[in-house]
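Inspection log for the structure reproduced underneath, given as structure tokens.
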Amino acid sequence: MSSQKSAQRDLSREMIMDAAKDLFIVKGYQHVSMRQIAKELGYSHGAIYYHFNSKAELFYALVEDHFSMLEQKLKEIAQAPLAPIEKLEAILLGYIEFGLNHQSHYEIMFLIKDEEVRNFLNQSPNETYELFAQTVNSLCEKQLSIQEIWSIFLALHGFVTHYLRHVIQYEEVRDMAKAHVQFLLKGIN
């Protein structure tokens, strides 16, 4: 087996995604190349192309993975044996906790805007938002409008983006997050 084939097999998709995630956050999507990602890992850029056909495909894989993590967290909370209002509070806090405990993931999911990748992203953000919206609506005492659910999402997103890079993790602002969620809950119940 050639050393090139061996290197391609030794380099995993996860290793590439981890290195790319960090570079995308620090330098921005447009300013990162597949060669830079390979250099960061100590491999040839050909080894990267063995796993991903393009930078946009690599970015898409990152976003898909991150939305899957968020969706899993929301599903776990939704299945918890809690009263509806407690579950709703846990969903809203869980969203904030995810965003602040996975800050680089959150930035990739929501804050990197680029025309090249915009067309690449399709179902995952919509599916995760749909799960969020349906869960929130099903747990509220009253029927919420689409605009009200969107406003709740934007309020959570605003909280997370306000504290991104200003805190290391959710625990630092847990009390503020709880107060924020309580304020939101007053408006919908």
Revision key, fill the gap. Within region 42-54, residues in a helix (DSSP H, G or I) and surrounded by 17 or more Cβ atoms within 10 Å (Cβ to Cβ) come out as ALA47, ILE48, TYR50, HIS51
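Mind checking which residues of region 132-189 are in a helix (DSSP H, G or I), closer than 18 Å to ALA78 by Cβ and either small (Gly, Ala, Ser) or open to solvent by 80 Å² or more (accessible area, probe 1.4 Å) (or both)?
Taking region 132-189 and keeping what is in a helix (DSSP H, G or I), we get 132-139, 146-163, 170-188.
Within this subset, residues satisfying the condition of being closer than 18 Å to ALA78 by Cβ are 132-139, 149, 152-153, 156, 181, 184-185, 188.
Once the filter is applied, which keeps residues that are in a helix (DSSP H, G or I), closer than 18 Å to ALA78 by Cβ and either small (Gly, Ala, Ser) or open to solvent by 80 Å² or more (accessible area, probe 1.4 Å) (or both), region 132-189 yields ALA133, GLN134, SER138.
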Point to revise | Test: GLU57 is assigned to a helix (DSSP H, G or I), touching a helix residue (DSSP H, G or I) at 6+ places or on another chain (Cβ under 7 Å) and surrounded by fewer than 20 Cβ atoms within 10 Å (Cβ to Cβ) | key: no
Exercise for review: Could you tell me whether region 27-35 includes any residue that is closer than 24 Å to LEU144 by Cα and either among the polar types (S, T, N, Q) or open to solvent by 60 Å² or more (accessible area, probe 1.4 Å) (or both)?
Suggested key: no
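The values are calculated or read from the model by the stated rules, or taken from the named source; none is laboratory data. Just so you know, these numbers come straight off a predicted model, no measurement behind them. Neighbour counts are summed over all protein chains in view; Cβ atoms, including those assigned to glycine, are modelled from backbone coordinates with ideal geometry. Ligands, DNA and RNA are stripped out before the accessible areas are found, and what is left, the full protein with its side chains, is counted by its heavy atoms. Shrake-Rupley method; radii C 1.70, N 1.55, O 1.52, S 1.80 Å.
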